[in-house]
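For reference, the structure discussed in these notes is given below.
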Amino acid sequence: MAASRSFTFLGTGTSVGVPMIGCDCPVCRSDNPRNHRYRCAVLIRLPGGNLLIDTPPELRLQLLREKVRRIDAVLITHYHVDHLYGLDDLRPCAKILDGPLPLYCNAETEERIRRVFAYAFHPDADKLPPGSLPRMRFERIETEPFTALGQRIVPIPLDHAQYRVLGFRIDDVAYCTDVNHIPEESWSRLQGLRILVLDALRRKPHPGHFSVDQALEVIQRLRPERAFLTHMGHELDHDETNRSLPAGVELAYDGLTFEF
Ligand SMILES: [Zn+2]
Ligand SMILES: [Zn+2]
Ligand SMILES: [Zn+2]
């Protein structure tokens, strides 16, 4: 019997966030906190430590809100700005860990991180006081299952417009953000799920994200016990959309937590 683990949505919004700057639509003006969506990330509390999936621009605010005092490892789904460019907010982590923060990503993402955060990999970086730069240790992953913080994790290759990105599965929970098509070889990795978290940007189709109806088709095929939709835009009102969804499917919201 596994020790208790929890999964927390740190953010559930699309790349511009909700509310969106300059927008007066009903969702952007809504008082409902569930219509306030930071960019997408997830915190998984494991017996072996705190595992973060993605480092969006609001990362600091998200970790403070959830009272997360340490991150022990990070998984990156892909290198888009809304999933990655809050990485510098993890500067205090290496000090707390007393060593570099393990960062699990593929070769393409590592190459992008080394360019965007070039200052962190400068030859003199080690001479600066601890905490002044993010200190990271790359752990290369591609499509094979791997272990992080003592937990086996299965990467799930996903298509996201012209990009190949990664979803992640831990036992019977899968997190699949930023996807508009599931490659044939990935369906077998999504069988027998208790909980599926899936991208659903809006009602209208989009070249890089599932619409609500497309996400529902995937859920129908996979039949998880429960499904949460994420990476929503301002077109989707939380309560109104939830009322339209079939039993067992709901929109996630920032701060939603479940045990598994
Ligand atoms: Zn995204
Ligand atoms: Zn709006
Ligand atoms: Zn993306």
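Numbers at a glance
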| item | result |
| --- | --- |
| Failed criterion for GLU217 (all others in (1) within 16 Å of ligand 2 (Cβ to nearest atom); (2) more than 22 Å from ILE21 (Cβ to Cβ) hold) | (1) |
| Yes/no for ASP89 being modelled with pLDDT of 95 or more, among the acidic types (Asp, Glu), within 16 Å of ligand 1 (Cβ to nearest atom) and surrounded by 12 or more Cβ atoms within 10 Å (Cβ to Cβ) | no |
| Matching residues in region 14-48 - criterion: being among the small types (Gly, Ala, Ser) and within 16 Å of ligand 3 (Cβ to nearest atom) | SER15, GLY17, ALA41 |
| Residues located in region 82-116, provided they are within 14 Å of ILE53 (Cα to Cα) and within 16 Å of ligand 3 (Cβ to nearest atom) | ASP82, HIS83, LEU84, TYR85, GLY86, LEU87, CYS105, ASN106, THR109 |
| Members of region 1-29 that are among the polar types (S, T, N, Q), touching a His at 6+ places or on another chain (Cβ under 8 Å) and open to solvent by 10 Å² or more (accessible area, probe 1.4 Å) | THR14, SER15 |
| Counted residues, region 220-240 - those being buried (at least 21 other Cβ atoms within 10 Å of the Cβ) and over 18 Å from the mean Cα position of the chain (by Cα) | 4 |
| Residue match in region 116-138 (condition: closer than 30 Å to LEU193 by Cβ and open to solvent by 50 Å² or more (accessible area, probe 1.4 Å)) | no |
| In region 170-185, the residues that are free of Cβ contacts under 8 Å to residues at least 60 places away in the same chain and either touching a His at 6+ places or on another chain (Cβ under 9 Å) or surrounded by fewer than 22 Cβ atoms within 10 Å (Cβ to Cβ) (or both) | VAL179, ASN180, HIS181, ILE182, PRO183, GLU184, GLU185 |
| Of the criteria (1) open to solvent by less than 50 Å² (accessible area, probe 1.4 Å); (2) under 18 Å from ILE44 (Cβ atoms), which one GLY99 fails | (2) |
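Residues are listed down the side, and each one gets a yes or a no for (1) farther than 24 Å from GLY150 by Cβ; (2) within 16 Å of ligand 1 (Cβ to nearest atom); (3) acidic (Asp, Glu):
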| site | (1), (2), (3) |
| --- | --- |
| ILE21 | yes, no, no |
| CYS28 | yes, no, no |
| PRO33 | yes, no, no |
| TYR38 | yes, yes, no |
| VAL42 | no, yes, no |
| ARG45 | no, no, no |
| ASN50 | no, no, no |
| ASP54 | no, yes, yes |
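The values are calculated or read from the model by the stated rules, or taken from the named source; none is laboratory data. This structure is a prediction, so every number in the text was calculated from the model and none was measured. Note that each Cβ is placed from the backbone with ideal geometry, even for glycine, and that neighbours are counted across all protein chains shown. Heads up: the accessible areas ignore ligands, DNA and RNA and are worked out on the full protein's heavy atoms, side chains in. Shrake-Rupley method; radii C 1.70, N 1.55, O 1.52, S 1.80 Å.
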